[in-house]
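Working notes, beginning with the structure itself.
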Amino acid sequence: MSKPNLNFPLTLKQCRVIREIMKKGTEKEASSSLNLSQSSVSRSLSQAEQALQVDIFTRGWSGAEPTSAGEVVISSCNSILQAISDTECQLQSNVTALLKLKTYVEWRHLLIVEAVVKVGSASVAAQTLGMTQPAVSKTLKEIENMVQQPLFSRARRGLIPQAAAKQLASLFLRISPVAQSLQHSLQSLPNELTGRLSVGMLSFSCQDIVPIAFASIFKQHSGIRLQAMQGPYHMLANALRQGEIDCFLGLMRKGPIHPELIEVPLLPAQYALIARADHPIHNDAKTLNNLVNERWIVARHGTPIRDYFESLFHSIDNKPPIQALEMLTFASSEELVIHSDAIALLFYDDWNIKQLNPRLKQISIPLPNPECTIGITLHRERQSAIIQTFIEELKLTIKHKSPSTQL
């Protein structure tokens, strides 16, 4: 045999690929960093996942994101590669040439060095490993080139290990148990929900229920990776279609813009005009016509709340104000109202309007058809147990917050 029978689930190249994908976020960036072709990186990752029988990464909002099993794999890879890097730093102090240990070393190099250190003979090590002596000698030459210093000196009684060989043998004995225990670590993962839950939140959404639902899931299912991000509708819809997120929350529209998406209603809400509590508008304004010349804080174009804002002024035969400040978050809009003379068009469920910040006050002008609905948008064909768990937690959160408002 020309190669030893190694009982390691991952090659060191695969460890390097996995770590670099984690660091860079994409296979393309990892391939550039490692100076490998993208096909080589993709193949290494695929072979690693097949060997371990787990998915290491899933496609996410910002690129490749580790699964729960992937977190275990990445932790092992980091431990192994850090130990190799530390050893290279120690060996580098002996020579001026740049070493290449952490870039090219593989298990067979370390295994053979450790075997020769143990038995003091290349021929005996070859027999022990089921290899030919020329194959052992060639491998020793390869790793000597990586560390730019001799590993053994010859004596009548065999090969005498030098300091570099002893360090490499010690390295092998430290990292091989980490690699060999990886599959057991994966099999020992708790038998519970695992994976990723990535939730998008539309601007101006009632986002207070998401952290509460997340906290409950976090307590019950330690194997779920939780993510939340905010963005406009089209961005989140495309991310959902591409599998980068699992769902998103916000004001429902008149049907999703993509046929593969569906909406599930969660919570009734209503549009409301909000101003600073001591704003003179509360005494001066009686109808919408009195608000035409005010400064406004609104959601961006293309959102249901912006459409409603413009419809208000069309209903009184007025053009919507041109000078309107667009804000992306609910909290920042309320804060801006508090510190300015602007009026905001926002939406609240019954509980939140009753808990309105005391520095804010709803303008008592009746609005036409102010009812709206907060819902969750899902992919028609990708609805997992994790997503269903999240929806149930959202419903429980709404029920506990305001028992009478759940749909």
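The values are calculated or read from the model by the stated rules, or taken from the named source; none is laboratory data. This is a predicted model, so every value here is computed, not measured. With ideal geometry, Cβ positions are generated from the backbone for all residues, glycine too; neighbour counts draw on all protein chains shown.
Taking K254, is it assigned to a loop (DSSP other than H, G, I, E, B), in the same structural domain as T373 (by TED's automatic domain parsing), at pLDDT below 85 and of a type outside the set (D, E)? Don't jump to the end; show me each part of the working.
Values: assigned to a loop (DSSP other than H, G, I, E, B): yes; in the same structural domain as T373 (by TED's automatic domain parsing): yes; at pLDDT below 85: yes; of a type outside the set (D, E): yes.
Yes, satisfied.
Specify the residue that is farthest from Q183 (Cα to Cα); the eligible residues are those in region 21-80 that are of a type in the set (K, R) and without any contact (Cβ under 8 Å) to a residue 60 or more places away in the chain. Outline the logic, then answer.
Going residue by residue through region 21-80, those that are of a type in the set (K, R) are 23-24, 28, 43, 59.
Retained after the next criterion (residues that are without any contact (Cβ under 8 Å) to a residue 60 or more places away in the chain): 23-24, 28, 43.
Values: K23: 23, K24: 25, K28: 27, R43: 20 Å.
Among those that are of a type in the set (K, R) and without any contact (Cβ under 8 Å) to a residue 60 or more places away in the chain, it is K28.
Mind checking which pairs have a first residue in region 361-386 that is outside any strand (DSSP E or B) and a second that is of a type in the set (K, R) and surrounded by 11 or more Cβ atoms within 10 Å (Cβ to Cβ), Cβ under 9 Å, 6 or more apart or different chains?
I386/R196
Pick out, from region 119-237, the helices (runs of 4 or more DSSP H) lying fully within it that include 3 or more residues that are assigned by TED's automatic domain parsing to the domain that holds H301 and surrounded by fewer than 14 Cβ atoms within 10 Å (Cβ to Cβ).
Those helices (runs of 4 or more DSSP H) span 209-220.
Across region 325-360, which residue is modelled with the lowest pLDDT among those that are charged (D, E, K, R) and assigned to a loop (DSSP other than H, G, I, E, B)?
Step one: list which residues in region 325-360 are charged (D, E, K, R), which gives 326, 334-335, 341, 349-350, 354, 359.
Cutting the leftovers down to assigned to a loop (DSSP other than H, G, I, E, B) gives us 341, 349, 359.
On the way: D341: 89, D349: 86, R359: 95.
Top of the filtered list is D349.
Each row is one residue, and each column tells you yes or no for (1) of a type in the set (S, T, Y); (2) crowded, with 16+ Cβ neighbours inside 10 Å.
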residue: P268; (1), (2): no, yes
residue: D284; (1), (2): no, no
residue: N289; (1), (2): no, no
residue: Y308; (1), (2): yes, yes
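Return the total of residues in region 382-404 being modelled with pLDDT of 90 or more, within 23 Å of the chain's Cα centre (by Cα) and under 24 Å from K254 (Cα atoms).
Qualifying residue count, region 382-404: 6.
Quick check on I374: is it surrounded by 15 or more Cβ atoms within 10 Å (Cβ to Cβ), of a type in the set (A, V, I, L, M, F, W, C), within 30 Å of G223 (Cβ to Cβ) and touching a strand residue (DSSP E or B) at 6+ places or on another chain (Cβ under 6 Å)?
Details: surrounded by 15 or more Cβ atoms within 10 Å (Cβ to Cβ): yes; of a type in the set (A, V, I, L, M, F, W, C): yes; within 30 Å of G223 (Cβ to Cβ): yes; touching a strand residue (DSSP E or B) at 6+ places or on another chain (Cβ under 6 Å): yes.
Here the answer is yes, as I374 does meet what is asked.
Can you name the number of the only condition in (1) among the basic types (K, R); (2) free of Cβ contacts under 8 Å to residues at least 40 places away in the same chain; (3) in contact with a strand residue (DSSP E or B) (Cβ under 7 Å, 6 or more places away or on another chain) that K354 fails?
With (1) among the basic types (K, R); (2) free of Cβ contacts under 8 Å to residues at least 40 places away in the same chain; (3) in contact with a strand residue (DSSP E or B) (Cβ under 7 Å, 6 or more places away or on another chain) applied to K354, the lone miss is (3).
Answer yes or no as to whether I245 is in contact (Cβ under 8 Å) with a residue 12 or more places away in the chain, in contact with a helix residue (DSSP H, G or I) (Cβ under 7 Å, 6 or more places away or on another chain), surrounded by 20 or more Cβ atoms within 10 Å (Cβ to Cβ) and more than 25 Å from A51 (Cβ to Cβ). Reasoning before the result, please.
Values: in contact (Cβ under 8 Å) with a residue 12 or more places away in the chain: yes; in contact with a helix residue (DSSP H, G or I) (Cβ under 7 Å, 6 or more places away or on another chain): yes; surrounded by 20 or more Cβ atoms within 10 Å (Cβ to Cβ): yes; more than 25 Å from A51 (Cβ to Cβ): yes.
Considered against the rule, which asks whether it is in contact (Cβ under 8 Å) with a residue 12 or more places away in the chain, in contact with a helix residue (DSSP H, G or I) (Cβ under 7 Å, 6 or more places away or on another chain), surrounded by 20 or more Cβ atoms within 10 Å (Cβ to Cβ) and more than 25 Å from A51 (Cβ to Cβ), I245 comes out as yes.
Tally the residues that are of a type in the set (S, T, N, Q), without any contact (Cβ under 8 Å) to a residue 40 or more places away in the chain and more than 23 Å from A97 (Cβ to Cβ), restricting the search to region 107-161.
The qualifying residues number 5.
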